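The values are calculated or read from the model by the stated rules, or taken from the named source; none is laboratory data. All values derive from a computational prediction rather than experimental measurement. Don't worry about glycine lacking a Cβ; one is built from the backbone with ideal geometry, like all the others, and counts go over all protein chains shown.
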Amino acid sequence: MDDPDSAARDDAGHNNHALLRELTAPQCDAVQHVDGPMLILAGPGSGKTRVVTHRIAYLLSQGIPDWQIAALTFTNKAADEMRLRLDKLAPGQNVWMGTFHRFCAQLLRRYASMVGLQENYSIYDTSDSKQAMKRAIEAAGVSTTHASPDQIAGVISKAKNKLVTPEVMQGQMLSPKETVAAKVYPVYQRQLLTANAVDFDDLLLHVANLLRHNPELRGELDQRFRYILVDEYQDTNLAQYAIVRALSIDHPNLSVTGDPDQSIYGWRGADLNNILDFEKDYPAVKTVRLEQNYRSTPNVLRVADQLIRHNRRRKQKDLFTDNDEGEPVILRWYENGYEEADSIADEIVAAIASDRARPNDFAIFCRMNSLTRSLEHALRGRGVPYQIVNGVEFYQRKEIKDVLAYLHLVNNPGHDVALSRVINTPTRGIGAKTVQRLQEFADRHNVPMLEAARRAEEIESLAKRSVTMVQKFVAIYDRIAARATAPLEELMRFVVQESQYDKYLEKTSDESDDSSPLGNVDELISAAVDFDRRHPDDGSLEAFLEQVALVSDTDAFEENDQRVTLMTLHASKGLEFPRVFIVGVEDDLLPHKRSKEDDAQFEEERRLLFVGITRAKEWLQLSCCKRRMIRGDTRPVIPSPFLNELPLEEMKRIESAVERNFFDSHIDQSGSGDWDLPAIQIGDDAQADVSFDFGANQDVNQDINQDDGFEPSDEPSRQTKESTAAFEAVADEPAAATSASDSIPDIGKLKTAADLMSAKRPPLSAFREGTTVRHFDYGEGTILAVSGLGPKRMARVRFADGEHNFRLAFAKLEVVG
DNA sequence: CATAGCGTGTTTCTC
DNA sequence: ACACGCTATG
């Protein structure tokens, strides 16, 4: 730190000293900054969260009351992490922490009436607003031949992020698409207001407007939130900027943290200028650069640095680290996507088998979600536990959305999207035509659709039979709504029963399909119960629905689970893993095809790879294929141009990925380079017609025979044997997770991957309703119910001293008998 | 009004 | 390949 004595300059000296003890000079500098704007440029792995949490603790130690501080993050997960860490430094403090959207949602609850809403307003999620958008397009009477609903929604969303109102938008010079969108925009907004609803963008927009048009309130809130900290500032959009700026006029104690090199959300309105120009906006700003990396090896860091240097629009940072050199970064190319997936899965199995790593040490990143499929398949086939962040999202499932829609309608009778969803679910003889007529009536009278349904008799165009059906639905609704204030669990069970949704699900779900909608509904109910327990004070329906709306499945990522993590590069931001694979580093994929038109997007793709690389702590492999199946057909592939920007001479380059120690332990170790490809090889026609220019002097076979890169020269022969053993052990029990075999594999001898994974626990299918199980802590119990699938499969078990829920894939449960 | 079968369009995804 | 949305049919 610049001034070693500064810590002692006040009474809280002791306290401060403890806070500052383990920090570097620039970190101390940032932590001790109290008043005035501050910009923290924090490279990857530079202890950013640490600095932010320590600074908050420091502010508190200076006597600043907790309620004057607000920390805004980009994701819930980041907020949770921060809260956890602050709690260790300053237990029991009540600093506001959360996402921008949650922050705005809460302000809006209070000041709803000032923007024309009621306090029980609903938050439309993406699919809700898409539905609403379609209706608005219809009502606006515009043609969708030149702009799809999605495109229109995109234009409007961008406009909102830039604080452009419908009136302003219509006055602008517009492209044909934007012209269409500009016509829909005011209609859409009016319908939202009628429905007493907002979309995600509105949360920010309304608050920004609120602050802009109500100087008195703005001043009040500026006073209230005197210290504002913003994380991931490079990903903020104009609306978010306007909000924090408005709250930092009288008390400009705004401190933002970010890294322009990690800005990867430009495509959805994030404005890199917010961070690049921060110093212009606040001339008195204190800028702190955190350039020391605590996460990665120099090998990883050099690769990342070389890459990102190729970007023009950036602030140069000099990343450095004191960490050990580590292993060289691997650049590997495979014949095709299957080989890539199989090889990676094999390596993971081998590493786990020989105790060099555990499943949760590994992460596999890719550009597109669809690329996780083959990896998923390969991992599952070997019994490796994995989690996909952002696979099929729980809250997006039909049955979940249906049940939630009933609840939404109870909470906000204006929720037209919810009404449209449930009015005929289960089917009640209310068809599309009837719904449309209700809609028209609602639009004409500017009332919610439920109101239209109540007045069904007034709608002449409605058949008598339809009127009766609609009235029946209204009656069902009223019975449910009468219980609005009951505990969540009771309410939800009543909904499912009263609406006959339970019967509907039983009837619809076929046995062959292994998804279990009813189980998912159960899981939703237990989520509600959980919420009730955790928020006994504000455990209202409204709070639960808000929570659900503002929570994403990315937040469900659990780093402590013993599982390999699969995710997109975007989702990887903010995380770190000991061992990282980045797959599909290929032209048109990693610089994505659609990003090549302009420089800004191209640079964003480079940042995306940079983010991925810098997640790795000790080991990293980038890979690409010679051919890859995309949308059904296999095509030759050109390696990513980014690969040529890396320090290839210091990386370890490996061609072909056949795990010879796995399949062909008989092959000699001389490395003739002439591969006898085992049966697993798919569609190989050896001579690739694509040239791979990875720089000069590549000696691709040289490295292959030594090891697989986890630990150089560590008794390769033993590893080979164990790997094989692991493979066989797994192969003997294929797809253990889904096997019908109820026998518990012999766990006495094997100390392998199979031990860690499949062999250790019975197949999930062994756990059924009524099964007697034993738990290490709770003793014997009986399974009451099972729900969910794969790694998410849950069981509710009754023990002597109460009931517990378990994730079957990981719980320490044994089948008794 | 419900459903099966066809045609279309596919990045990234937070809240 | 696959999922989703629309349309023709029962």
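Mind checking which pairs have a first residue in segment A:355-370 that is part of a helix (DSSP H, G or I) and a second that is among the aromatic types (Phe, Trp, Tyr) and at pLDDT 90 or above, Cβ under 7 Å, 6 or more apart or different chains? Pairs found: A:Asp361/A:Phe577. Put simply, of A:Val198, A:Val155, A:Val207 the only residue that is outside any helix (DSSP H, G or I) and either within 14 Å of DNA strand B (Cβ to nearest atom) or crowded, with 21+ Cβ neighbours inside 10 Å (or both) is A:Val198. The residues of segment A:606-650 that are within 11 Å of DNA strand B (Cβ to nearest atom), of a type outside the set (A, V, I, L, M) and surrounded by fewer than 23 Cβ atoms within 10 Å (Cβ to Cβ), listed by number, are A:Arg631, A:Gly632, A:Asp633.
A quick yes/no check of all residues on (1) modelled with pLDDT of 90 or more; (2) within 19 Å of A:Thr372 (Cα to Cα):
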position: A:Asp537; (1), (2): no, no
position: A:Asp553; (1), (2): no, yes
position: A:Ala556; (1), (2): no, yes
position: A:Gln562; (1), (2): no, yes
position: A:Ile582; (1), (2): yes, yes
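The residues of segment A:426-472 that are assigned to a loop (DSSP other than H, G, I, E, B) and either touching a residue at least 60 places away in the same chain (Cβ under 8 Å) or within 22 Å of A:Tyr504 (Cα to Cα) (or both), listed by number, are A:Pro426, A:Thr427, A:Arg428, A:Gly429, A:Ile430, A:Gly431, A:Asn446, A:Val447, A:Pro448.
The conditions of being of a type in the set (Asp, Glu) and within 22 Å of A:Val611 (Cα to Cα) are not met by A:Glu399.
Could you tell me which of the residues A:Ser374, A:Ser420 is within 14 Å of DNA strand C (Cβ to nearest atom), under 28 Å from A:Gly584 (Cβ atoms) and not assigned by the TED database to the domain that holds A:Thr75?
Only one candidate qualifies: A:Ser374.
Taken over segment A:72-98, the criterion of being within 20 Å of the chain's Cα centre (by Cα) and under 21 Å from A:His33 (Cα atoms) is satisfied by A:Leu72, A:Thr73, A:Met82, A:Arg83, A:Met97. Return yes when A:Asp402 is part of a helix (DSSP H, G or I) and touching a Lys or Arg at 6+ places or on another chain (Cβ under 7 Å) and no when it is not. Yes: the conditions hold for A:Asp402. For segment A:321-345, the set of residues classified as of a type in the set (Asp, Glu) and either part of a helix (DSSP H, G or I) or surrounded by fewer than 23 Cβ atoms within 10 Å (Cβ to Cβ) (or both) consists of A:Asp322, A:Asp324, A:Glu325, A:Glu327, A:Glu339, A:Glu340, A:Asp342, listed by residue number. For beta carbons closer than 8 Å, sequence separation of 6+ or different chains, a first residue in segment A:122-134 that is polar (S, T, N, Q) and a second that is within 11 Å of DNA strand C (Cβ to nearest atom) and assigned to a helix (DSSP H, G or I), the qualifying pairs are A:Ser127/A:Gln396. Residues that are out of contact with any helix residue (DSSP H, G or I) (no Cβ under 9 Å at 6 or more places or on another chain) and either at pLDDT 85 or above or within 16 Å of DNA strand C (Cβ to nearest atom) (or both) occur in segment A:113-127; there is at least one. Of all residues in segment A:141-152, those satisfying the criterion of being at pLDDT below 85 and surrounded by 18 or more Cβ atoms within 10 Å (Cβ to Cβ) are A:Val142, A:Ala147. Residues of segment A:589-636 being part of a helix (DSSP H, G or I) and among the hydroxyl-bearing types (Ser, Thr, Tyr), which ones? Of everything in segment A:589-636, just one residue is part of a helix (DSSP H, G or I) and among the hydroxyl-bearing types (Ser, Thr, Tyr), namely A:Ser595.
For segment A:302-320, enumerate the residues that are farther than 22 Å from A:Glu649 by Cβ and either at pLDDT 85 or above or surrounded by fewer than 16 Cβ atoms within 10 Å (Cβ to Cβ) (or both).
Within segment A:302-320, A:Arg312, A:Arg313, A:Lys315, A:Gln316 qualify.
The residue list A:Gln106, A:Gln93, A:Gln172, A:Gln118 contains one member that is outside any helix (DSSP H, G or I) and in contact with a Gly (Cβ under 9 Å, 6 or more places away or on another chain), which is A:Gln118.
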